[in-house]
Amino acid sequence: MTREAPTLAVSTWPEWTFFGSIVGLLRETIEKVRAADTTDTGSLFPWLDSVAESTASLELLAREQALRDAYVIARVIYETALNACFVLTEPARLSERADRHAKQKALRSLVRRIEIAGQPLFEYKHSAADQLMMAPQPKQWLEEFTSGAGREITSWTPETVQQRLEAVYRLFGPDATKGLAFGLLLYRHASEIAHGTLYGTLFSWGALDIGRPLAAASDIGAFRRTELRHVLKLVSFTLESLIRIVSVAIDKPFLATSAEAALRSYYANLDKTS
């Protein structure tokens, strides 16, 4: 990871220019997808709209130097972007599966129960729950996402993150998929922070920065700014891949060209500040 020069102000990070350019292209891509034929894009639009919302949250967190939450939101962006690209490998089949998963999830929300040590603490059941769940179509949705042991299958698709990425790689090629591959680097720290582990806390303090022990409390700020630059870079890589892949699906090659240009410009600006 490239370490930040101590005098480089937050507002002058070259990652901001890259991130801003890519997010602008994402918005343009979303508008093109909105107007595209859904037979080519499936349920792509909701995924992209969600990515755009989370990028706005990430910007706020990064400007406030909130490293922990920035990592978690970055993972949300990454997995949503990956799902969007994965859907494009088989738009009709995967969109229909995602839709069935969403509908049965909504049905399950009609009945909520909390138990601790076998003792019920809370239970809610919508008055129409039984009627809705026993209707033929909803019943099929529920059965599809229930295991043989009677437990809910929580994932919308059986493929792991790695397998989804590999499916995208096989169809769209290594060059367009490279940014998504680098985005995997967000996962380890984001997962530990989201699960509230000691590692996640110590990492966010810079206490586990091997070979570079922090000499003073002020070093925590420098560490976090360096990590935030890294987060913005990896998210921008992810979005660059997302735009390039979507551009193929909607036949708008200028979007891919613009995304590649933003990436080249980032590296050029990085050389000037290093």
Based on the Cβ-Cβ distance from residue 93 to residue 121, what FRET efficiency comes out when R0 is 45 Å, to the nearest 0.05? 0.65
Compute the separation of the alpha-carbon centres of region 121-171 and region 177-193 and state it in Å as a whole number. 26
Amide H partners (placed H, <5 Å) of residue 146, local residues excluded: 153
Can you tell me the length gained on complete extension of the stretch residue 39 to residue 215, counting 0.36 nm per residue apart and subtracting the Cα distance? 57.6 nm
Given 37 °C, 0.692 mPa s and a Kirkwood radius over Cα pairs, the Stokes-Einstein diffusion coefficient of region 1-149 in µm²/s is 172
Ranked packing of 220-233, 98-111, 122-135, most packed first, by mean Cβ within 10 Å: 220-233, 98-111, 122-135
Kyte-Doolittle at least -1.0, axis length at least 24 Å by Cα - qualifying DSSP helices, the chain: 14-35, 44-63, 67-87, 218-249, 253-273
Charges on Cβ only, +1 for Lys and Arg, -1 for Asp and Glu, centred on the Cα centroid of the chain; of 238, 204, 67, which one is farthest towards the dipole's positive end? 204
Calculate the length of the line joining the C-alpha centroid of region 215-232 to that of region 18-67, in whole Å. 26
Hey, can you rank 262-271, 186-195 by average C-beta count inside 10 Å, highest first? 186-195, 262-271
Would you please give the FRET efficiency between residue 201 and residue 178, computed as 1/(1 + (r/R0)^6) with r the Cβ-Cβ distance and R0 = 35 Å, to the nearest 0.05? 0.65
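Any read-out appearing in this document is the output of simple, stated calculations on the displayed coordinates, not a laboratory observation. Here the structure is a predicted model, which is why all the values come from computation and not from measurement. When we count neighbours, we look across all protein chains shown, and the Cβ atoms used for this are built from the backbone with ideal geometry, even at glycine.
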